[in-house]
């Protein structure tokens with residue numbers, strides 16, 4: 001399988017705090033890859049380095065055979081940060097148009113994409129409302145829509161389903177699986193175990209290191225656990 | 001295209017934020033009006049050039065704390081060359097006093113001192129019982145010049161600088177704190193495009209603000225205006241460009257809106273002290289030189305030259321090029337500062 005993301009010997013310190021230590025992994029084409037771990041384990045720093053908006057102290061990240069950071073590469077990546085990062089004074093549509101223009105989308109295509117993603121996250125009716133009037137879940141959905149607006153090959157989603165109700169969460173997952181079916185690669189972070197179970201491959205992240213990588217079933221077998229929570233505990237014990 | 005999208009978004013945000021717009025456009029007018037109403041004079045050491053006159057007069061003047069400088073020929077240039085507050089020429093018929101009048105309160109004080117000194121010496125020598133006639137001329141302005149006319153131009157420059165600094169700084173800071181800057185940097189936009197868009201987006205508001213403030217000062221507050229109003233606007237625009245680039249640069253070092261406000265006493269207030277509102281001549285040399293690193297010093301000097309002394313842009317070219325240099329340096333630093341977020 002082709003590797004979309006390759007990470008070699010990645011380390012990062014913030015001041016004296018070691019955030020990531022010697023991370024090595026690769027993500028295959030068309031996978032849904034989940035980083036799972038408690039908050040503060042380094043997941044966010046790791047995905048930011050894949051996007052190229054944070055730089056490692058040592059090691060290298062390659063995405064689609066191009067070394068990160070790379071401006072052209074950003075055209076093929078859809079990134080959704082943990083914070084919603086929207087302009088509250090603007091309407092949902094204005095937010096979408098703004099980011100779509102930064103990706104250089106042409107008028108007709110831009111309009112088509114905005115309609116498509118608004119429909120996808122079920123925000124058609126709220127498009128002309130100011131974001132400051134949105135609920136938490138609506139903001140999260142708009143944020144996801146922005147990450148999808150330029151039809152990227154690689155989606156990087158930091159905690160995509162936090163604050164979304166179960167019904168919508170299911171439709172988001174449905175959409176993610178659909179995108180995967182189109183050959184797109186999805187990398188996401190989560191601290192919810194049952195969500196991790198839906199990923200094809202997961203990496204358990206703790207204290208800036210990767211405890212184990214594999215499909216949920218593989219990991220359960222390997223650590224002799226009945227669920228991912230058990231896997232996490234067992235892997236943690238092994239690491240010590 | 002990307003710059004256009006960024007500029008459009010900045011303007012939309014501003015138009016939706018009515019209170020910030022009001023602060024930008026109305027607050028300077030309010031404060032200027034207040035300043036206009038309350039301002040009063042101040043004192044400092046006086047230097048008087050003197051032509052003719054006897055030792056007795058010189059003694060009396062010096063006893064009144066006036067520094068005397070002997071001058072050979074009476075012309076206005078001597079006032080500038082010797083940095084005099086006034087020039088007194090004693091002739092057979094009477095006395096001519098030319099006041100430099102950059103500081104009207106000071107000029108009026110000097111006039112009073114000279115007139116009293118003359119009548120004092122007259123009385124004792126009693127050579128002229130009618131009293132010496134004191135003719136007074138003004139190098140700049142006239143006897144109706146108010147202190148506000150002189151510091152007015154400086155205040156115009158200051159308020160343009162201050163409000164543009166604050167609003168542009170907080171504008172970029174909000175993006176940094178809310179995470180939208182990071183999101184913008186996760187698109188293929190170039191760093192210089194972001195800085196350029198910020199300069200343009202907020203620049204448009206700075207142009208409107210500058211124009212309002214200048215027209216209000218001249219036509220409503222009746223501030224002295226010897227030079228061209230367009231020259232005043234050009235100087236203020238350059239000054240606001242410096243404020244804009246400095247504001248967004250310093251927002252890099254602030255973690256919150258409150259920390260941005262903390263830059264006011266550090267960066268803005270010292271500039272008032274050295275802008276010429278307060279006389280700096282009495283300060284130690286190193287302290288005076290400190291003013292030379294402050295953009296407002298050059299802006300205020302240029303504004304005073306045009307509005308009060310009626311000079312043109314050519315006369316203040318030196319000040320303008322230093323302001324342009326400040327802006328250029330801040331802009332380059334801004335592009336570099338964004339590297340903190342994304343290396344490319």
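The values are calculated or read from the model by the stated rules, or taken from the named source; none is laboratory data. In this text the structure is predicted, and so the values were computed from the model without any measurement. So basically every Cβ, Gly included, is an ideal-geometry build from the backbone, and we count neighbours across all protein chains shown.
Worth pointing out:
Yes/no per residue for (1) closer than 30 Å to residue A:55 by Cβ; (2) over 20 Å from the mean Cα position of the chain (by Cα); (3) at pLDDT 90 or above; (4) away from chain A (no Cβ under 14 Å):
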site	(1), (2), (3), (4)
B:236	no, no, yes, yes
B:257	yes, yes, no, yes
B:272	no, no, no, yes
B:282	no, no, no, yes
B:298	no, no, yes, yes
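- Listed by position, the helices (runs of 4 or more DSSP H) enclosed by region B:207-275 that each have at least 3 residues that are crowded, with 21+ Cβ neighbours inside 10 Å and touching a helix residue (DSSP H, G or I) at 6+ places or on another chain (Cβ under 8 Å) are B:229-251.
- Condition check for residue B:10: within 14 Å of chain A (Cβ to nearest Cβ) and touching a residue at least 12 places away in the same chain (Cβ under 8 Å): yes
- Region A:74-102, residues that are buried (at least 22 other Cβ atoms within 10 Å of the Cβ), within 25 Å of residue A:42 (Cβ to Cβ) and more than 8 Å from every other protein chain (Cβ to nearest Cβ): A:78, A:80
- When the residues of region A:63-73 are filtered to those that are in a loop (DSSP other than H, G, I, E, B) and touching a strand residue (DSSP E or B) at 6+ places or on another chain (Cβ under 7 Å), the one that is surrounded by the fewest Cβ atoms within 10 Å (Cβ to Cβ) is A:64.
- For region B:284-294, the criterion of being modelled with pLDDT of 90 or more, in contact with a helix residue (DSSP H, G or I) (Cβ under 8 Å, 6 or more places away or on another chain) and surrounded by 12 or more Cβ atoms within 10 Å (Cβ to Cβ) is satisfied by at least one residue.
- From A:176, A:123, residue being away from chain B (no Cβ under 14 Å) and at pLDDT below 90: A:176
- Those helices (runs of 4 or more DSSP H) lying entirely in region B:1-118 with at least 2 residues more than 30 Å from residue A:104 (Cα to Cα): B:18-38, B:55-63, B:76-81
- Condition met for residue A:138 (touching a strand residue (DSSP E or B) at 6+ places or on another chain (Cβ under 7 Å) and not in a strand (DSSP E or B)): no
- Scanning region A:147-192 for residues that are in contact with a strand residue (DSSP E or B) (Cβ under 7 Å, 6 or more places away or on another chain) and part of a helix (DSSP H, G or I) returns A:147, A:148, A:176, A:179, A:180.
- Single unsatisfied condition, residue A:105 versus (1) part of a loop (DSSP other than H, G, I, E, B); (2) over 20 Å from the mean Cα position of the chain (by Cα); (3) closer than 21 Å to residue B:193 by Cα; (4) facing chain B (nearest Cβ under 7 Å): (4)
- Within region A:201-240, the set of residues being exposed (fewer than 15 other Cβ atoms within 10 Å of the Cβ) and over 21 Å from residue A:20 (Cα atoms) comprises A:215, A:217, A:218, A:221, A:222, A:224, A:226, A:227, A:229.
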